[in-house]
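Taking it in order: structure first as structure tokens, then the write-up.
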Amino acid sequence: MNIFGIGIDVVEVERIASSMDEFGERFANRVFTQAERDYCEKQKRPEIHYAARFAAKEAVAKALGTGIGQDLAWLDMEIRRRESGEPEVFLTGNGEEFAKANHIAQIKISLTHAQHYAAANAVVLSV
């Protein structure tokens with residue numbers, strides 16, 4: 001496998017919390033899948049988990065070289081947790097099509113968060 005791209009993103013937790021407060025469901029429905037919202041809302045501080053997923057999606061978009069737009073929309077990515085706790089990304093829609101067209105074999109992500117910031121990195125591997 002070859003490295004197709006890498007990406008990193010850091011988000012202020014308060015920025016995501018403010019967007020959630022100001023735009024509510026409209027923001028959440030535009031950026032996060034239902035499964036992501038369900039997961040985050042079950043956590044003690046949902047805003048931290050939303051921020052980490054936001055950062056992960058930005059990092060993946062950077063690693064793919066697409067940004068968020070025509071080839072990859074917010075909802076084309078879903079950040080999930082394996083039973084081990086390891087985060088993983090699933091692509092659907094245009095994101096899945098882009099990955100197939102570019103022979104993307106795997107996307108590895110890592111998330112972290114603290115009181116005020118959340119960060120993520122992504123490494124995209126191709127064959």
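The values are calculated or read from the model by the stated rules, or taken from the named source; none is laboratory data. Small disclaimer: the values here were computed from a predicted structure and weren't measured. Reconstructed Cβ throughout: ideal geometry from the backbone, glycine too, with neighbour counts over all protein chains shown.
If you scan the stretch 62-81, which residues turn out to be under 14 Å from Ala122 (Cα atoms) and buried (at least 23 other Cβ atoms within 10 Å of the Cβ)?
Across the stretch 62-81, the qualifying residues are Ala63, Leu64, Met77, Ile79.
Does the stretch 18-72 hold any residues that are charged (D, E, K, R), under 21 Å from Ile104 (Cβ atoms) and either free of Cβ contacts under 8 Å to residues at least 12 places away in the same chain or not in a helix (DSSP H, G or I) (or both), and which are they?
Residue satisfying the conditions is Asp71 alone.
Does the stretch 98-108 hold any residues that are at negative phi, loosely packed, with under 15 Cβ neighbours inside 10 Å and touching a residue at least 12 places away in the same chain (Cβ under 8 Å), and which are they?
The answer is Ala105, Gln106.
Is it fair to say Glu78 is touching a Phe, Trp or Tyr at 6+ places or on another chain (Cβ under 9 Å) and assigned to a strand (DSSP E or B)?
Answer is yes for this residue.
Go through Ala55, Ala28, Ala59 for me and flag whichever is over 16 Å from Ala120 (Cα atoms), surrounded by 14 or more Cβ atoms within 10 Å (Cβ to Cβ) and either modelled with pLDDT under 95 or under 12 Å from the mean Cα position of the chain (by Cα) (or both).
Ala28
Find the residue count for the stretch 82-111, including only residues that are within 10 Å of Leu72 (Cβ to Cβ) and part of a strand (DSSP E or B).
The number of residues fulfilling the criteria is 1.
Answer with yes or no whether Ala122 is closer than 18 Å to Ile3 by Cβ and in a helix (DSSP H, G or I).
no
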